[in-house]
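Please treat every number below as a calculation from the coordinates, not as lab data. Just so we're clear, the structure is a prediction, and the values are computed from it rather than from any experiment. Ideal geometry is used to build each Cβ from the backbone, glycine not excepted, and the neighbour counts take in all protein chains shown.
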Amino acid sequence: MKSSFHLMLIAGLITGFSATAQAAFEEVLVPVDHVYSPKGFDSNDDAEVIVSGILPDLCYKAPRGKVQLDGDTLRVTVTALKEMDPNVACPRAIVPFIEVVSVGVLDAGQYPVVVNGGPLQVTSRLGVEEASSSAVDNYIYARVESVERVPGTRTVQLKGFNPSYCFEFERVELVSNDADTFSVLPILKQRTELCPLKLVPFTYEVEIPTTLARDEILLHVRVMNGRSVNSVFQNK
């Protein structure tokens, strides 16, 4: 009986602590400065838009984006959890963030993108092409995990691990949306039918063209798992 009482007491304390922790945070809109709409998605892809912004201080945590299709308009809401306990100090440190927002599989067409609505909204337009086949991806992409700039150059290094030595790089294509984004397609070819599972590290260098005028551009790297790795490139 005593053991059961102790268990009930512990369970009650945990529940109370959890409720207090949840009550200390509130989901609020966060400042967004730009939305990037990569080119190259088709009607078989899980399309994405990428939002950049800032968290005003260290009491804002875990930014995330949610999307709703309103007619042909993609309405994106970007929020974060804000610490609401008045006894907690909030150091004034601006924290930049990049949030990838999956907008799902869309029919071919042009979709206006509106982020956070109201007077501070940012907008873009996402183009989706008709798929040429039933395949999810037209190519096999490398398993890129990070994008690192070589200091003092316009070269970036794509780094990661491919799942087998039967894959090798064929080429990297850069697809511009003529505004603010290069879609980077690290295309592999399969050398043999048999592909033993063995992680193979790689580093592949890509020169970023000077054809986009914006000071900050996005490198949207398509990767093997159907998602992307994204990095803001200082275009100066």
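Which net charge results for the neighbourhood of GLN234, defined as the other residues with beta-carbon distances under 14 angstrom from its beta-carbon, given Lys and Arg at +1 and Asp and Glu at -1? Spell out each step's value before the answer.
Numbers: positive: ARG149, ARG154, ARG214, LYS236; negative: GLU148, ASP180, ASP215, GLU216.
Computed value for this residue: 0.
Would you compute, from DSSP H runs of 4+ residues alone, the mean residue ellipticity of the chain at 222 nm, taking -39500 (n - 2.57) per run and dividing by the full residue count, rounded to the nearest 500?
Values: 1 runs with 22 residues, N = 236.
Dividing the helical sum by the residues of the chain leaves -3500 deg cm²/dmol.
From Cα pairs below 8 angstrom and at least 6 apart in sequence, can you work out the relative contact order of the stretch 26-129, rounded to a whole percent?
Working: 261 pairs, mean separation 39.1, N = 104.
With pairs under 8 Å counted, the relative contact order is 38 percent.
Tell me which lysines have Cα within less than 27 Å of LYS82's Cα, excluding those fewer than 8 residues away on the same chain?
Candidates past the 8-residue exclusion: LYS61, LYS66.
So how do THR211, THR79 line up by other beta-carbon neighbours within 10 Å, fewest first?
THR211, THR79
Per the chain: cysteines with no other Cys C-beta under 4.7 angstrom?
Lacking a cysteine Cβ partner under 4.7 Å: no cysteine of the chain.
Give me the distance between the Cα centres of the stretch 168-201 and the stretch 67-138, rounded to whole Å.
26 Å
Between (i) 1, 6, 11, 14, 14, 14, 12, 9, 7, 5, 4, 2, 1, 1, 0, 0; (ii) 1, 7, 14, 18, 19, 16, 12, 8, 4, 1, 0, 0; (iii) 1, 7, 16, 21, 22, 18, 11, 4, 1, 0, which entry matches P(r) over Cα pairs in 5 Å bins from 0, in percent as derived from the coordinates of this structure?
It is the one labelled (i).
In debye, nearest 20, what is the charge dipole magnitude of the chain about its Cα centre with +1 on Lys and Arg Cβ and -1 on Asp and Glu Cβ, if you could check?
Dipole magnitude for the chain comes out near 740 debye.
How about the stretch 85-152: which trypsin sites (Lys or Arg not before Pro) there are in a DSSP loop, with at most 10 other Cβ atoms within 10 Å of their Cβ?
ARG92
Full extension from ARG214 to LEU69: what is 0.36 nm times the residue separation minus their Cα-Cα distance, to one decimal in nm?
Stretched out fully, the ARG214 to LEU69 stretch lengthens by 49.4 nm.
Using the count of nearby Cβ atoms within 10 Å as a rough guide to exposure, how do MET84, MET224 rank from fewest to most?
Final ranking by Cβ density, sparse to dense: MET84, MET224.
Mind sorting CYS166, CYS90 by how few other Cβ atoms lie within 10 Å of their own Cβ, fewest first? Spell out each step's value before the answer.
Details: CYS166 17, CYS90 13.
Least crowded to most crowded, the residues run CYS90, CYS166.
Please figure out what share of the DSSP beta bridges in the chain is antiparallel and state it in percent, rounded to the nearest 5. The partial results should precede the final answer.
Working: 65 of 74 bridges.
Restricted to the chain, the bridges split so that about 90 percent are antiparallel.
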